[in-house]
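S.K.: Please see the structure below; I have some questions.
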Amino acid sequence: MGRKLGFATAAMIAAAAGVYINNTNLLATHRDGKPVLLAHRGKAQRFDERELKNDTCTAARMLPATHDYLENTIRSMRASFEAGANLVELDVHPTTDGEFAVFHDWTLDCRTDGHGVTREQPMAKLKMLDIGYGYTADGGKTFPFRGKGIGMMPTLSDVFAAFPDRRLLINVKSRDANEGEKLAAVLNALPAERRRMIMVYGGDEPIEMVRRLIPDVRTISRGAIRSCLTRYIGYGWSGLVPAACRNAMVLVPINVAPWLWGWPDRFLNRMDDANSAVFVLGPYNGGEFSTGIDTPELFGRLPQGYSGGIWTNEIETIAEITGKTKD
């Protein structure tokens, strides 16, 4: 009996040692270099992020402005790249005349002087709107950008033309599979080398369509994020990478990261081998939103020498901390 227990104990110790060696970051190859910075919505006005819902009018809860850039515009994207961003995130909606409008909100009423659902408008009409119309930091007493955003809503084609060699992340705002098919047609018309510089994320249905029609474009959806992280936490100790984590953009809340086997370098290496790009977000505490890595305090929670991706709403602040040089 004692000998059997001894063998069992030795086997358990050997198995534990194997799991440790297979996952310890101490034995992982460290990737040198500075973090990859993603500017969410480009250089943008900030707003009170407390208790946000999908239909919250964020322009009406703008924080006092420190600059005059408006999100999802060519000007704000250019400023982000100049500040040190490696890629810029933008939001799209299909229009009734076959374009993709670059704009965040599902409706026009909050941020612009227009009305109605964004995707139910022709691009010609959207080009006439003032996208700075609804911004206020004092409850509607003043509107500092009113009249300054007329004609500034770009098309996705405008963005491609303005930044032909820049990395972009496209956010599909709907759950409509047809929208994914339309976007796939646009992206498939691009040269293969240009497509490799683009990633797409959003609702499960359109992203599944994009993933099927353009297999060389990295994607992620809300369901895929959950599947990727929970399955990796469940059996990533084995070295296996879940299918949802492959050829993907892997979004990792900073408070979830320590639970990932081999975090950070072994995890980053495994995702790189799976042709996936990792970006760390701010803490996820339930609900519909995670924040970005937007403050020195949050950046300080990253491992020393971290060289993966960082999702931020404060590109200038984080670029300065990481020592990224301007273009």
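S.K.: Say a paramagnetic label sat at a point 7 Å from the Cα of Leu213, along Cα to Cβ; which residues of segment 246-271 have their backbone N under 11 Å from it?
M.R.: No residue qualifies, since no backbone N sits under 11 Å from the label point.
S.K.: Here's a follow-up. Using the Cα centre as the reference, give the magnitude of the dipole from point charges on the C-beta atoms of the chain (Lys, Arg: +1; Asp, Glu: -1; all else neutral), rounded to the nearest 20 debye.
M.R.: Charge dipole, the chain, about its Cα centre: 960 debye, nearest 20.
S.K.: Let me ask something else about it. Over the chain, what is the percentage of antiparallel beta bridges among all DSSP beta bridges, to the nearest 5?
M.R.: Taking every DSSP beta bridge within the chain, about 20 percent pair in antiparallel fashion.
S.K.: Over 22 Å apart: what share of the alpha carbon pairs of segment 132-223 falls there, rounded to a whole percent?
M.R.: Distances greater than 22 Å cover 42 percent of the Cα pairs.
S.K.: Next up: Among bridges DSSP assigns within segment 29-178, what percent are antiparallel (round to 5)?
M.R.: 45
S.K.: So which residue, out of Arg50, Arg218, Arg41, gets the largest mean-square fluctuation from a GNM of the chain using Cα contacts under 10 Å as springs?
M.R.: With Cα springs under 10 Å in the chain, the top fluctuation among Arg50, Arg218, Arg41 is at Arg50.
S.K.: Counting helices only, and only those DSSP H runs with n ≥ 4, report the 222 nm mean residue ellipticity of the chain as the sum of -39,500 (n - 2.57) divided by its residues, in deg cm²/dmol to the nearest 500.
M.R.: -9000 deg cm²/dmol
S.K.: With a cut-off of 8 Å between alpha carbons and a minimum separation of six or more residues, what is the relative contact order of segment 230-324 in percent?
M.R.: That works out to 24 percent.
S.K.: Treating only the Cβ of Lys, Arg, Asp and Glu as charged (+1, +1, -1, -1), what charge dipole size does segment 89-167 show about its Cα centre? Round to the nearest 20 debye.
M.R.: 200
S.K.: Out of Gln45, Pro264, Ile310, whose Cα points farthest toward the positive end of the dipole of the chain (charges: +1 Lys, Arg; -1 Asp, Glu; placed on Cβ)?
M.R.: Farthest towards the positive end: Pro264.
S.K.: For a quick protection proxy, order the peptides 136-149, 238-251 by their average other-Cβ count within 10 Å, most packed first.
M.R.: Result, highest mean Cβ count within 10 Å first: 238-251, 136-149.
S.K.: Now, a different point. Let's see if you can work this out: charge +1 on each Lys and Arg Cβ, -1 on each Asp and Glu Cβ, no other charges. What is the dipole magnitude of segment 171-327 about its Cα centre, in debye to the nearest 20?
M.R.: Once rounded to the nearest 20, the dipole reads 420 debye.
S.K.: Still on this structure, please answer the following. Over segment 82-228, what is the relative contact order in whole percent, taking alpha-carbon pairs under 8 Å and six or more residues apart?
M.R.: 20
S.K.: What do you get for Rg/Rh over the chain if you use C-alpha atoms and the Kirkwood form of Rh?
M.R.: Value, to two decimals: 1.03.
S.K.: How high is the relative contact order of the chain, in percent, counting Cα pairs under 8 Å that sit 6 or more residues apart?
M.R.: Dividing the mean separation by the residue count of the chain yields 20 percent.
S.K.: Looking at this model, which pairs from Lys127/Lys148; Lys53/Lys173; Lys34/Lys324; Lys43/Lys125 are more than 19 angstrom apart at the alpha-carbon?
M.R.: Among Lys127/Lys148; Lys53/Lys173; Lys34/Lys324; Lys43/Lys125, the Cα-Cα distance tops 19 Å for Lys43/Lys125.
S.K.: Hey, another quick one. Multiply the residue gap between Glu51 and Val117 by 0.36 nm, knock off their C-alpha separation, and tell me the result in nm, one decimal place.
M.R.: Roughly 21.4 nm would be gained on extension.
Just so you know, all these numbers are worked out from the coordinates, no wet-lab data involved. Keep in mind it's a predicted model, so treat the numbers as computed, not measured. Methodologically, a virtual Cβ is constructed for each residue, glycine included, from the backbone with ideal geometry; neighbour enumeration extends over all protein chains shown.
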